[in-house]
Each structure stands twice: as C-alpha cells, then as structure tokens.
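A.B. asks: Here it is, the structure, as structure tokens.
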Amino acid sequence: MGGWAIAVHGGAGVDPNLPKERQEEAKQLLTRCLNLGISALRSSLPAIHVVELVVRELESDPLFNSGRGSALTEKGTVEMEASIMDGPGRRCGAVSGVTTVKNPISLARLVMEKSPHSYLAFSGAEEFAKQQGVEMVDNDYFITEDNVGMLKLAKEANSILFDYRIPIIGSDSCSAAVENPIQMNGLPISIYAPETVGCVVVDGQGRCAAATSTGGLMNKKLGRIGDSPLIGAGTYACDLCGVSCTGEGEAIIRGTLARDVAAVMEYKGLGLQEAVDFVIDKRLDGGKAGLIAVSGTGEVAYGFNSVGMFRGCATQDGFMEVGIWE
C-alpha cells in the first residue's frame, strides 16, 4: 500500500482571461475541499464516504457547475446529474434530471445502497428521493443571478455556453470562435469551458472510489444527459483506480474515458499517469476534456487537453497541490 491519496476537480476548460479574483476563489474552494477530504482520510473513513463528503461540499457552493449554481436549461430551470462508484465490488449509483434534491451525489449513493438499481432519472429519481427522506428544496434554490444573465446571453447568441459565467458575446474572441467553431457531435458550438465537479480517493486500505456531479450545459435542451452520471464514461472505480472526468460530455461518452483508464492499466500494463496520458491523447477524437485519477497503490494523476483544469490533489506523504493551468 502506498497510503491514501485524493484529487478534486472543478471542471476542465478555463477562459485564459479568467479574472484573478475568480481564480483565487476557485483555488480557495478546492483547497477547502481537499482539507475536508484529508481530515476524513486521517480519521480512517473509507474512500466512498470521502468522495461523497467532498462532492457535497462542492455542490453546496455556487462557484462551480453542480448543485447550487448549476447551469440552466433552455427553459431556465435546473436539471442535475451525478454518479458515484465504489471500487470494491464495483458498486455504483447514478441519477439524472434531478430538480429538487439538494445534494444529487448523496441521492446517487442511495441508489447504489438502497435500491436494486444502478441508475434512476427524472420523476423516478425524485420519487425515490422522497421515499429516502433526503433534503429537498425548490428548484429556485439552485438558480443564481449570474446564471440567469448567462442564459440570456446564450439565447441571444443562439448557442450552448460551456463556460456559462465568462462568455464574451460580440467580442473579438467570440467572433473568432464562431468562425472556427468547436464541433460537438458534428455541430458547432461557440464557447468551451465546462465546470463539472468531481473527487477521487484511495484510502489507507487501498480502496478506490470516484464521484462526479454537474448541472450540465447552459441553455441545454430539456432531458439532455451528459457523461457525468454514466458509469464508465464520466465516473469509474475498481481495484486498480478511481477516475472522474470533466469536459465535452459527448466526446467523453464516445470514448468511455473513465473506464478506459482502468482498461489500459489492466490490459496494457500502464502506470496510472501513463494511462491517463494515453487516454487523453488517444480516446477523445478531437474533443476537449480532463480527468483526475488515483490508483489502488496510492498514486494520484490528472490530465487534460483543454486550456486549464480546476484541480487539486494531496497524498499521505504530505504532498498537496492546487492549480488551474499547466
């Protein structure tokens, strides 16, 4: 055993002109979440508890796109999704289309532990939440003034906004993006920088776990489901590793990105960082994304092919790092 390790992310794809104060806010939140996870690991909590604890904290802060502060649909509402996976036994739970559950990641865990299923969505997920007695809130709780403004800009631009807080509609940079649009499933989008959240942990017993949560895309169609709740795409954990992804959901789904990290470790014999680098380089087919990962032997790794990724990591030997850029 190499000891425990933890990594968190707040999304891949960052505007290079992101205001310094926003960068500092993001780093402070990631540091707070890392310290929360470190404290839990030092108290010998199992990995599955720690990833849920950390992602709940991220969902409760409006800075990133999950829980409170989630991106808005084309109708101005919030539809959230989340998944969690426990490496031992590869148990998993996921939810989509959640609109009144305060912490979707905790509902995903309840699906894993208290239902005969792995995935519940929309009205079925909401009904299960009521049966389980989880904390429910009005949909308005998740909506922030910033996001209302960003949805308005998205509609004016007739586009899906990935970085829903920092669009520069009508500026030179936006015009250039429109002239050379990023393709999503073969269709152009004008701005790219998602902010999904996630956490991966290996505890002192070598148990890996992963959790991912998001509000999706600003101005997304009702009912759109991305990679975050899909086991093997946005989230995966097994005896070898735990992985949480962020970025262009459609590309992550096509590449089954999270599972592929474990697959190349198992079948090609690659180490954790080698596996992460291989998957980012070979499996995205032009898409933009990032991921964080831990191994069962206490390693931690990350990779991205976008302009930056909000991330942080820590290990039992005292190493700790929080960053955004390369």
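A.B. asks: Would you mind telling me which numbered condition in (1) in contact with a Leu (Cβ under 7 Å, 6 or more places away or on another chain); (2) assigned to a strand (DSSP E or B) Ala211 fails?
C.D. replies: So the condition that Ala211 fails would be (1).
A.B. asks: Just checking, does the range 84-96 include any residue being touching a Ser or Thr at 6+ places or on another chain (Cβ under 7 Å), closer than 26 Å to Ser295 by Cα, open to solvent by less than 50 Å² (accessible area, probe 1.4 Å) and assigned to a helix (DSSP H, G or I)?
C.D. replies: Checked against the condition, which is being touching a Ser or Thr at 6+ places or on another chain (Cβ under 7 Å), closer than 26 Å to Ser295 by Cα, open to solvent by less than 50 Å² (accessible area, probe 1.4 Å) and assigned to a helix (DSSP H, G or I), the range 84-96 yields no hits at all.
A.B. asks: Of the residues in the range 70-95, how many are under 18 Å from Ser60 (Cα atoms) and small (Gly, Ala, Ser)? Step through it out loud before you land on a result.
C.D. replies: Filtering the range 70-95 for residues under 18 Å from Ser60 (Cα atoms) gives 70-72, 77-84, 95.
Within this subset, residues satisfying the condition of being small (Gly, Ala, Ser) are 70-71, 82-83.
Looking only at that region, the number is 4.
A.B. asks: Would you pick out the residues in the range 227-253 that are under 21 Å from Arg90 (Cα atoms) and touching an Asp or Glu at 6+ places or on another chain (Cβ under 7 Å)?
C.D. replies: If the condition is that a residue be under 21 Å from Arg90 (Cα atoms) and touching an Asp or Glu at 6+ places or on another chain (Cβ under 7 Å), then Ser228, Pro229, Ala233, Gly234, Ala237, Leu240, Cys245, Ile252, Ile253 are the ones that fit.
A.B. asks: Sticking with this structure for a sec: In the range 201-226, how many residues are open to solvent by 10 Å² or more (accessible area, probe 1.4 Å) and either among the charged types (D, E, K, R) or free of Cβ contacts under 8 Å to residues at least 60 places away in the same chain (or both)?
C.D. replies: 3
A.B. asks: Same structure again: How many residues are small (Gly, Ala, Ser), under 12 Å from the mean Cα position of the chain (by Cα) and farther than 16 Å from Ala125 by Cβ if we restrict to the range 219-232?
C.D. replies: Residues in the range 219-232 being small (Gly, Ala, Ser), under 12 Å from the mean Cα position of the chain (by Cα) and farther than 16 Å from Ala125 by Cβ: 0 in total.
A.B. asks: A further question follows. Where in the range 118-189 are there strands (runs of 3 or more DSSP E), lying fully within it, with 1 or more residues that are at pLDDT 85 or above and buried (at least 17 other Cβ atoms within 10 Å of the Cβ)?
C.D. replies: Working: elements: 119-121, 182-184, 187-189.
It comes to 119-121.
A.B. asks: Say we look at the range 15-46 and pick out the residues that are over 16 Å from Ser66 (Cβ atoms) and of a type in the set (A, V, I, L, M); which of these is most open to solvent (accessible area, probe 1.4 Å)?
C.D. replies: Within the range 15-46, the match that is most open to solvent (accessible area, probe 1.4 Å) is Leu45.
A.B. asks: Scan Thr214, Thr246, Thr235 and give me the residue that is within 23 Å of Ala121 (Cα to Cα), touching a helix residue (DSSP H, G or I) at 6+ places or on another chain (Cβ under 7 Å), among the polar types (S, T, N, Q) and modelled with pLDDT of 95 or more.
C.D. replies: When all the criteria are applied, what remains is Thr235.
The values are calculated or read from the model by the stated rules, or taken from the named source; none is laboratory data. Because the structure is a prediction, the values reported are computed rather than measured. As a convention, Cβ positions derive from the backbone with ideal geometry for all residues, glycine included, and neighbour counts pool all protein chains shown. These area figures cover heavy atoms from the full protein model, side chains too; ligands, DNA and RNA do not enter into them. Shrake-Rupley method; radii C 1.70, N 1.55, O 1.52, S 1.80 Å.
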